[in-house]
Amino acid sequence: MGTALVYHEDMTATRLLWDDPECEIERPERLTAALDRLRQRGLEQRCLRLSAREASKEELGLVHRKTQVLGEEELQALSRQFDAIYFHPSTFHCARLAAGAGLQLVDAVLTGTVQNGLALVRPPGHHSQRAAANGFCVFNNVAIAAAHAKQKHGLHRILIVDWDVHHGQGIQYLFEDDPSVLYFSWHRYEHGRFWPFLRESDADAVGRGQGLGFTVNLPWNQVGMGNADYMAAFLHLLLPLAFEFDPELVLVSAGFDSVIGDPEGQMQATPECFAHLTQLLQVLAGGRVCAMLEGGYHLESLAESVCMTVQTLLGDPAPPLSGPMVPCQSALESIQSARAAQAPYWKSLQLQDATPVPTSPSTHSPEGRPPPLLPGGPMCKAAAPAPAPAPSSFLDQPCLCPAPSVRTTVALTAPDTTLVLPPDVIQQEGSALREETEAWARPHKSLAREEALTALGKLLYLLDGMLDGQVNSGIAATPASAAAATLDVAIQRGLSHGAQRLLCVALGQLDRPPDLAHDGRTLWLNIGGKEAAALSMFHVSTPLPVMTGGFLSCILGLVLPLAYGFQPDLVLVALGPGHGLQGPHAALLSAMLRGLAGGRVLALLEEDSTPQLAGILARVLHGEAPPSLGPSSMASPEDVQALMYLRGQLEPQWKMLQVGAFTPQK
Ligand code: X5A
Ligand code: ZN
């Protein structure tokens, strides 16, 4: 449905006219650098370009008490009345355009003109308050957009995700008693020693009155937070609450001073991380995501991160994350204290007994971090796997590998004319050579039948296309009786044809292929097993959660932490016999697994699955938003128990599972 890019070059006019070291970083080149890079990458051309309009006095009045136009000579005097603010003769015009751009974006998304979008604006907005400019911000662009979405579009639940490195205290103040706006902000805090030095930026500020629990603060008490810390914050704090809140719209205060290189943030997360954060948000609110630029002062990091965000909004798969996926101790402490502060208000955080993290000396130096993923440990004695191999070559140099010409392919046994697919999703005609297919099938009795062979031929052809980099993702079908054997062949073929690490998420009654080597190259995750069991760190089984709430905590609390920790370069999702998964649940799982392996995901269905299921999975793998699950029920006690048990078993090896302190069960 498309991505809007809202911009107006007039917004480059406002600039600092005198000497002020604090304010000089908020300069016009921020916008031009971002836009130039979007053009260079061909991303701007793929968006619906909208020219920003000025917000009206009435629209500004949704949030601000009074607005005024001033003479030039008053500007500097006025600037001194506020904290970290400069005014320029053009500032009022620019700020009205910035607020107007946000309104246009929200209108375009909520009227269905586009699916999502980005407003490239300055001045930024999230520090601005009802009657005070603050921190380079004049009007609160995101807050005005939220108020407008409520008033003009009748929305009842809006999620604001503020990933700027500063606390958007302006947004917090404006909605702190409003339960229709869930405001999440992470920010450099350093126990209150970082600007804006506010007590109310801490985790225990959770809103007030009706709005209790609808303000979520995640203060970072150290600099140097990286990809693993940001991903852990999303998986273990923001997303559980966001799914429970079930927003109708997601607004992002998209500041990029939280990216590596930024002088304000001093953080370590790479631009690719913002592709992943964006992708994770796109599974909410039917994919209605409106991002608006806030901070971001390192021009290179800013430009790159803006590209990552737009590319992901456009539906492109996220580049794999680099670096060890091990959250640092300080991040875990912060996440834990925010979870503890929010637990009274959110059932998704209850039951999962939260105890404080033991404080241990923690640093951000590479030496201070726990070593990356060391297989072995107490529970792996039976089948001690070899050390995880180095990342595969095609992921080491993603730039040398041209984007696949085909994003998603559907390889059903007989092309289905009733399938509803995006125009560029191809129904595959091709099949692997007959002799080759037969050779792969030979060891398996269940693959002897003609239908099974035909299906296998199509699957092998698709898989080869993916391994060669011609196709990014796909779905294939197999007769139910041949599901296990087909999956076995797919794994062997993947491993022998270039995959270094293969993640297999097997739903329903599918056993780990008995001849599969225990060498750490395959992570086998079965959802739908009889009981929770970790036979090794690479062989995990859990029952299918009964309730939606349990399913969500299984994905966020187990599947994705393991998957991100493993860093696969190929993902197989198999819906096997008795998988019992509803379409929307299967779609959500597939959409979220798309964050792994550069989106190289192959879904294997049973032949008699409905065309609706095939269609929805193909669309999701292609980058469309999954349907929202609606308000989620609580996880059942059995679901929680299974999850807690597996965490206890696996946490020592898979650090992304940590949500703070946890006492492993004996
Ligand atoms: C939008 C934004 C930062 C202000 C920092 C003042 N403002 N020291 O990033
Ligand atoms: Zn900022």
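The values are calculated or read from the model by the stated rules, or taken from the named source; none is laboratory data. Everything numeric here is computed off the predicted structure, so don't read it as measured data. Every residue, glycine among them, receives a Cβ derived from its backbone with ideal geometry; neighbour counts consider all protein chains shown. Accessible surface areas use protein heavy atoms only, side chains included; no ligands, DNA or RNA. Shrake-Rupley method; radii C 1.70, N 1.55, O 1.52, S 1.80 Å.
Step by step: first the residues of region 258-293, then only those that are of a type in the set (D, E) and in contact with a helix residue (DSSP H, G or I) (Cβ under 8 Å, 6 or more places away or on another chain), then the one that is farthest from G226 (Cα to Cα). Which residue is that?
If we filter region 258-293 for residues that are of a type in the set (D, E), which is where we start, we get 262, 264, 272.
Now restrict to residues that are in contact with a helix residue (DSSP H, G or I) (Cβ under 8 Å, 6 or more places away or on another chain): 262, 272.
Values: D262: 13, E272: 11 Å.
Filtering first and then ranking leaves D262.
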Next on the checklist: Yes or no: region 56-77 includes at least one residue that is outside any loop (DSSP other than H, G, I, E, B) and closer than 20 Å to A303 by Cβ.
Outcome noted: no
Checklist outcome for this item: Considering region 404-453, residues that are under 25 Å from G469 (Cα atoms) and basic (K, R), and then whichever is nearest to the chain's Cα centre (by Cα), we arrive at R407
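I'm checking my understanding of the structure. Among residues of region 162-204 that are of a type in the set (D, E) and open to solvent by 30 Å² or more (accessible area, probe 1.4 Å), which one is nearest to ligand 1 (Cβ to nearest atom)?
Taking region 162-204 as the starting set, the residues that turn out to be of a type in the set (D, E) are 162, 164, 176-178, 190, 200, 202, 204.
Of the ones still in play, those that are also open to solvent by 30 Å² or more (accessible area, probe 1.4 Å) are 176-177, 190, 200, 202, 204.
Details: E176: 19, D177: 24, E190: 14, E200: 17, D202: 18, D204: 23 Å.
Only one residue fits best here, namely E190.
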Checklist entry - Is there a residue being surrounded by fewer than 18 Cβ atoms within 10 Å (Cβ to Cβ), among the small types (G, A, S) and free of Cβ contacts under 8 Å to residues at least 12 places away in the same chain anywhere in region 426-438? => result no
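Does V223 satisfy the condition of being more than 21 Å from R130 (Cβ to Cβ), open to solvent by 40 Å² or more (accessible area, probe 1.4 Å) and touching a strand residue (DSSP E or B) at 6+ places or on another chain (Cβ under 7 Å)?
On the way: more than 21 Å from R130 (Cβ to Cβ): yes; open to solvent by 40 Å² or more (accessible area, probe 1.4 Å): yes; touching a strand residue (DSSP E or B) at 6+ places or on another chain (Cβ under 7 Å): yes.
Here the answer is yes, as V223 does meet what is asked.
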Checklist entry - What number goes with the only condition from (1) in contact with a His (Cβ under 8 Å, 6 or more places away or on another chain); (2) within 16 Å of ligand 1 (Cβ to nearest atom) that A98 does not pass? => result (1)
Checklist outcome for this item: Out of (1) open to solvent by 10 Å² or more (accessible area, probe 1.4 Å); (2) within 15 Å of ligand 2 (Cβ to nearest atom); (3) closer than 25 Å to G557 by Cα, the one P263 does not meet is (3)
Checklist entry - Among H93, H127, H153, H148, which is within 16 Å of ligand 2 (Cβ to nearest atom) and at pLDDT 95 or above? => result H127
Item to check | Leading residue by the ranking (nearest to Q653 (Cα to Cα)) among those in region 306-324 that are touching a Lys or Arg at 6+ places or on another chain (Cβ under 7 Å) and open to solvent by 10 Å² or more (accessible area, probe 1.4 Å) | outcome: P324
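When you look at L460, is it within 18 Å of A432 (Cβ to Cβ), at pLDDT 95 or above and not in a loop (DSSP other than H, G, I, E, B), yes or no? Break it down stepwise before answering.
Numbers: within 18 Å of A432 (Cβ to Cβ): yes; at pLDDT 95 or above: yes; not in a loop (DSSP other than H, G, I, E, B): yes.
The answer is yes for L460.
If you scan region 147-170, which residues turn out to be in contact with a helix residue (DSSP H, G or I) (Cβ under 7 Å, 6 or more places away or on another chain) and farther than 24 Å from P271 by Cβ? Before you say what the answer is, go through the steps one by one.
Of region 147-170, the ones in contact with a helix residue (DSSP H, G or I) (Cβ under 7 Å, 6 or more places away or on another chain) are 148-149, 153, 155, 157-163, 167, 169-170.
If the condition is that a residue be in contact with a helix residue (DSSP H, G or I) (Cβ under 7 Å, 6 or more places away or on another chain) and farther than 24 Å from P271 by Cβ, then H148, A149, H153, L155, R157, I158, Q169, G170 are the ones that fit.
I need the full set of residues from region 44-64 which are among the small types (G, A, S) and open to solvent by 20 Å² or more (accessible area, probe 1.4 Å), in order please. Can you show your working first?
Our first condition is that a residue be among the small types (G, A, S); within region 44-64, this holds for 51-52, 55-56, 61.
If the condition is that a residue be among the small types (G, A, S) and open to solvent by 20 Å² or more (accessible area, probe 1.4 Å), then S51, S56, G61 are the ones that fit.
Mind telling me which of the residues G154, G192, G168 ends up being out of contact with any Leu (no Cβ under 9 Å at 6 or more places or on another chain) and at positive phi?
The conditions single out G154.
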Checklist outcome for this item: Taking region 18-43 and keeping only residues that are out of contact with any Leu (no Cβ under 8 Å at 6 or more places or on another chain), touching a residue at least 24 places away in the same chain (Cβ under 8 Å), part of a loop (DSSP other than H, G, I, E, B) and charged (D, E, K, R), one is left with D20, E22, R41
Next on the checklist: Being open to solvent by less than 10 Å² (accessible area, probe 1.4 Å), within 16 Å of ligand 1 (Cβ to nearest atom), over 17 Å from D316 (Cα atoms) and not in a loop (DSSP other than H, G, I, E, B) is the filter here; which residues of region 268-300 pass it?
Outcome noted: M292, L293
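So for region 245-259 (the condition being open to solvent by 20 Å² or more (accessible area, probe 1.4 Å), within 16 Å of ligand 2 (Cβ to nearest atom) and of a type in the set (A, V, I, L, M)), does at least one residue qualify?
Kept after step one, since they are open to solvent by 20 Å² or more (accessible area, probe 1.4 Å), are these residues of region 245-259: 246, 248.
Now restrict to residues that are within 16 Å of ligand 2 (Cβ to nearest atom): none.
Taking every residue of region 245-259 in turn, none turns out to be open to solvent by 20 Å² or more (accessible area, probe 1.4 Å), within 16 Å of ligand 2 (Cβ to nearest atom) and of a type in the set (A, V, I, L, M).
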Next on the checklist: Yes or no: region 450-465 includes at least one residue that is open to solvent by less than 70 Å² (accessible area, probe 1.4 Å) and touching a Phe, Trp or Tyr at 6+ places or on another chain (Cβ under 8 Å).
Outcome noted: yes
Checklist outcome for this item: Looking across region 11-43 at residues that are basic (K, R) and either touching a helix residue (DSSP H, G or I) at 6+ places or on another chain (Cβ under 6 Å) or within 16 Å of ligand 2 (Cβ to nearest atom) (or both), the single one that is least open to solvent (accessible area, probe 1.4 Å) is R30
Checklist entry - Looking at this structure, is V121 assigned to a helix (DSSP H, G or I), within 16 Å of ligand 2 (Cβ to nearest atom) and open to solvent by less than 10 Å² (accessible area, probe 1.4 Å)? => result no
Checklist entry - Among the residues of region 392-416, which ones are modelled with pLDDT of 80 or more and over 26 Å from L314 (Cβ atoms)? => result L412, T413
Checklist entry - Across region 101-118, what is the total count of residues that are of a type in the set (V, I, T) and either assigned to a helix (DSSP H, G or I) or within 16 Å of ligand 1 (Cβ to nearest atom) (or both)? => result 2
